[in-house]
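For reference, the structure discussed in these notes is given below.
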Amino acid sequence: MLERDAVPAFAALAQETRLQIVRLLVKAGPDGMAAGALGEAVGATSSRLSFHLKELEHAGLVTSRRQSRSIIYSASFSGLGEVLRFLTEDCCQGHPEVCSPALAGLARCCPEPADA
């Protein structure tokens with residue numbers, strides 16, 4: 001990811017409602033959430049929610065799909081992964097202890113699956 005691609009993502013995340021939306025969608029996982037449920041969860045009117053979701057989609061952090069009469073929004077895990085990679089790309093510079101707190105945090109939320 002280049003800086004010019006990262007800026008819209010950071011701009012989108014630098015707003016409280018949009019950050020709440022992304023965090024909710026990350027928790028919801030690949031199944032995502034219906035727009036109405038998202039609006040209720042963040043206390044946003046449909047027009048305000050639509051504005052925020054458009055910004056997040058434009059930044060590549062959220063995707064949408066139609067399911068029957070609803071629009072379901074999901075976190076774009078690939079887009080979010082690109083942002084994380086951008087932030088940590090040059091992290092260690094030969095000193096892994098610099099990045100270990102961030103990696104430990106990721107390991108707690110995303111543990112490696114146990115071998116079967």
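The values are calculated or read from the model by the stated rules, or taken from the named source; none is laboratory data. Source: prediction; values computed, not measured. Reconstructed Cβ throughout: ideal geometry from the backbone, glycine too, with neighbour counts over all protein chains shown.
Tell me, which residue of the range 66-84 that is more than 13 Å from the chain's Cα centre (by Cα) and among the charged types (D, E, K, R) is surrounded by the fewest Cβ atoms within 10 Å (Cβ to Cβ)?
By that ranking, first place goes to ARG69.
In the range 43-57, how many residues are among the charged types (D, E, K, R) and without any contact (Cβ under 8 Å) to a residue 12 or more places away in the chain?
Of the residues in the range 43-57, 2 are among the charged types (D, E, K, R) and without any contact (Cβ under 8 Å) to a residue 12 or more places away in the chain.
Are any of the residues in the range 72-89 touching a strand residue (DSSP E or B) at 6+ places or on another chain (Cβ under 8 Å), touching a residue at least 24 places away in the same chain (Cβ under 8 Å) and of a type in the set (Ser, Thr, Tyr)?
yes
Just to confirm my filter: which helices (runs of 4 or more DSSP H) fall fully inside the range 1-65 and include at least 2 residues that are over 12 Å from the mean Cα position of the chain (by Cα) and loosely packed, with under 13 Cβ neighbours inside 10 Å?
In the range 1-65, 3-13, 35-42, 46-58 are the helices (runs of 4 or more DSSP H) which contain 2 or more residues that are over 12 Å from the mean Cα position of the chain (by Cα) and loosely packed, with under 13 Cβ neighbours inside 10 Å.
Can you tell me which condition HIS52 does not meet? The list is (1) within 14 Å of ALA9 (Cα to Cα); (2) at pLDDT below 95; (3) not hydroxyl-bearing (Ser, Thr, Tyr), and all the others hold.
Against the list (1) within 14 Å of ALA9 (Cα to Cα); (2) at pLDDT below 95; (3) not hydroxyl-bearing (Ser, Thr, Tyr), HIS52 comes up short only on (2).
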